[in-house]
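Quick notes on the structure that follows.
The values are calculated or read from the model by the stated rules, or taken from the named source; none is laboratory data. Worth saying up front: this structure is predicted, and the values here are computed from it rather than measured. Cβ: placed from backbone, ideal geometry, glycine included. Neighbour counts: every protein chain shown. Calculation scope for accessible area: heavy atoms of the full protein, side chains included, ligands and nucleic acids excluded. Shrake-Rupley method; radii C 1.70, N 1.55, O 1.52, S 1.80 Å.
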Amino acid sequence: MKSINLAPPNPGTAAMRRKVFLGSFIGTAIEWYDFFIYGLAAALVLGELYFPTFDPAVGTLSAFAAFSVGFVARPLGGVVFSHFGDRVGRKSALVASLLLMGTATFLIGCLPTYETIGIAAPICLVLLRFCQGFAVGGEWGGAVLMSVEHSLPHRRGLAGSFPQMGVPAGLVLASGAFIALSPLSEQQFASWGWRIPFLASALLVVVGLVIRLGIAESPEFQDLRRRNGALKSPAWTALRHNPKQVLLAAAMRQETTLFYVLVTFVVSYGTGQVGVTRDVMLNGTTIAACVTFLTIPMFGALSDRFGRRSIFRLGAAFAIVFPFPFFALVDTGEPWLIYLALVIGLALVHASMYGPQAAFFSELFGTEVRYSGASLGYQLGSVVGGLSPLIATTLIVAADGSPLYVILYVAALQAVTFLGATFAPETHRTSAATSPVGSGRDGIGERVNKHSPERSSD
């Protein structure tokens, strides 16, 4: 059995690596800012503006349902963008995903409400949310691979954590944007204030595009194209030859359920059930995201030293029991205890899984299908997590405000995450991960060789 060589043939200069890491981080932060501002707006105002025919609880539920549409679209975006990323290049796919995300977000900021255009308003909102999800579905794989494939072999965990840091950075930007609107009255915020974060996205996207257009294509992808050309259907090839790896990645991705309960659902839970102010919940998520920005690269670096699976499993084990003390702390209504709960949950429990995740998932696949394989596992697993605010809100209503069912729901999915990591192979300590399918250098095996009909040299 041969191996998957993840070390680039020529990783380039340290200056270029730093530029790639910075570009992956900033572009990802902008895309996640766009994605998160919808989640926060859904928790705060979109229900009453776009689903006003329902009572407040059902209106919030409907807004979260539209939020979940973005996650349904993510696997589709992952397939499409990863197809071009494995065939044309990582850089081109990243630029296209950023453009689509920015356009959809800006248009949400311009969208008339139900009062103005009736049923067309929620329909357009759902369609634009779908576009957001489609775009972010292609973002993660490309950003991660640009960092991992440019990195030195013994620093893949740390390198892969740079685009992961874009998630808390995007959350800080999103929360900060809404906190900056706190001086507005409730009427001003509902009338026009909530649109400002969406419209401001246009400026951020321009910055992201300038940075991404200036970075080099992955050297490992360039080497692959010189040697063998590209596969005609990389996503299909990944599913055919690496189904176990895709399923394991999807199982490990259930950590995202914990994440979205912490950053999205808890905002509506805190304001609606516990009775704390909007500012308390937004301040809590902002503080936790700032700390998480520091701990994600820490856990990525630890995975370079102690192993991806070891660090990931430790975080998953804590995630199984954490929902119990988390909701106990939030239910006190004390701001400092809520902040503590969010910091522990995001910066320690979740970050211990999210930090090593980029390198871990990338090392499960060969170069030819890495974008497709890693994206499929990541985005398929994200669908369940994206439904978590909707499911959690439904469970709260069913339990007359008690969080018990939500706690059990989150804990059960963290157990799935733990099992996925348990059955996944350890992939660090060597310059190559073991090929999952036999003797192919790039993890495809003898069944896909240079003369295979699955390969194209165009």
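See the values below:
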read-out	value
Matching entry among Gln164, Gln132 (being under 20 Å from Ala65 (Cα atoms), buried (at least 24 other Cβ atoms within 10 Å of the Cβ) and not hydrophobic (A, V, I, L, M, F, W, C))	Gln132
Given (1) modelled with pLDDT of 80 or more; (2) open to solvent by less than 50 Å² (accessible area, probe 1.4 Å); (3) closer than 19 Å to Ser362 by Cα, number of the condition Pro11 does not satisfy	(1)
Selection status of Gly401, open to solvent by less than 50 Å² (accessible area, probe 1.4 Å), at positive phi and out of contact with any strand residue (DSSP E or B) (no Cβ under 9 Å at 6 or more places or on another chain)	yes
Residue check for Val291: surrounded by fewer than 24 Cβ atoms within 10 Å (Cβ to Cβ), out of contact with any Lys or Arg (no Cβ under 8 Å at 6 or more places or on another chain), not polar (S, T, N, Q) and not in a helix (DSSP H, G or I)	no
Matching option when the condition is open to solvent by 10 Å² or more (accessible area, probe 1.4 Å) and either at pLDDT below 85 or among the aliphatic types (A, V, I, L, M) (or both), among Ala143, Ala96	Ala96
Qualifying residues in region 352-369 (those that are at pLDDT below 85 and out of contact with any helix residue (DSSP H, G or I) (no Cβ under 6 Å at 6 or more places or on another chain)) - the one farthest from Pro425 (Cα to Cα)	Glu368
Only listed residue being under 25 Å from Ser182 (Cβ atoms), open to solvent by 60 Å² or more (accessible area, probe 1.4 Å) and out of contact with any strand residue (DSSP E or B) (no Cβ under 6 Å at 6 or more places or on another chain), chosen from Thr277, Thr286, Thr271	Thr277
Residues of region 320-336 that turn out to be open to solvent by less than 40 Å² (accessible area, probe 1.4 Å) and closer than 18 Å to Ala289 by Cβ, as a count	3
Any pair with Cβ under 9 angstrom, 6 or more apart, that starts in region 151-176 at a residue that is more than 24 Å from Leu364 (Cβ to Cβ) and ends at one that is among the acidic types (Asp, Glu) and open to solvent by less than 20 Å² (accessible area, probe 1.4 Å)	Gly170/Glu31; Gly170/Asp34; Ala174/Asp34
Within region 71-92, tally of residues that are of a type in the set (A, V, I, L, M, F, W, C) and outside any helix (DSSP H, G or I)	1
Qualifying residue in region 324-343 (condition: farther than 30 Å from Ser268 by Cβ and in a helix (DSSP H, G or I))	no
Residue list for region 162-194, filter: of a type outside the set (A, V, I, L, M, F, W, C) and not in a helix (DSSP H, G or I)	Ser182, Pro183, Ser185
Condition met for Ile311 (touching a residue at least 24 places away in the same chain (Cβ under 8 Å), open to solvent by 10 Å² or more (accessible area, probe 1.4 Å) and among the hydrophobic types (A, V, I, L, M, F, W, C))	yes
Of all residues making up region 246-285, the number that are modelled with pLDDT under 90 and among the charged types (D, E, K, R)	2
Selection from region 222-245 of residues that are modelled with pLDDT of 85 or more and open to solvent by 50 Å² or more (accessible area, probe 1.4 Å)	Pro243, Lys244
Contacts under 6 angstrom Cβ, first residue in region 393-408 being part of a helix (DSSP H, G or I), partner β-branched (Val, Ile, Thr), 6 or more apart	Leu395/Val406
Condition broken by Gln254, with the remaining ones in (1) among the polar types (S, T, N, Q); (2) within 22 Å of Ser388 (Cα to Cα); (3) open to solvent by less than 10 Å² (accessible area, probe 1.4 Å) satisfied	(3)
Among (1) in a helix (DSSP H, G or I); (2) at pLDDT 80 or above; (3) open to solvent by 40 Å² or more (accessible area, probe 1.4 Å) - the single one Ala41 does not satisfy	(3)
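Quick grid of which residues meet (1) under 30 Å from Ala359 (Cα atoms); (2) among the charged types (D, E, K, R); (3) open to solvent by less than 10 Å² (accessible area, probe 1.4 Å):
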position: Ala174; (1), (2), (3): yes, no, yes
position: Glu186; (1), (2), (3): no, yes, no
position: Trp194; (1), (2), (3): no, no, yes
position: Leu199; (1), (2), (3): no, no, no
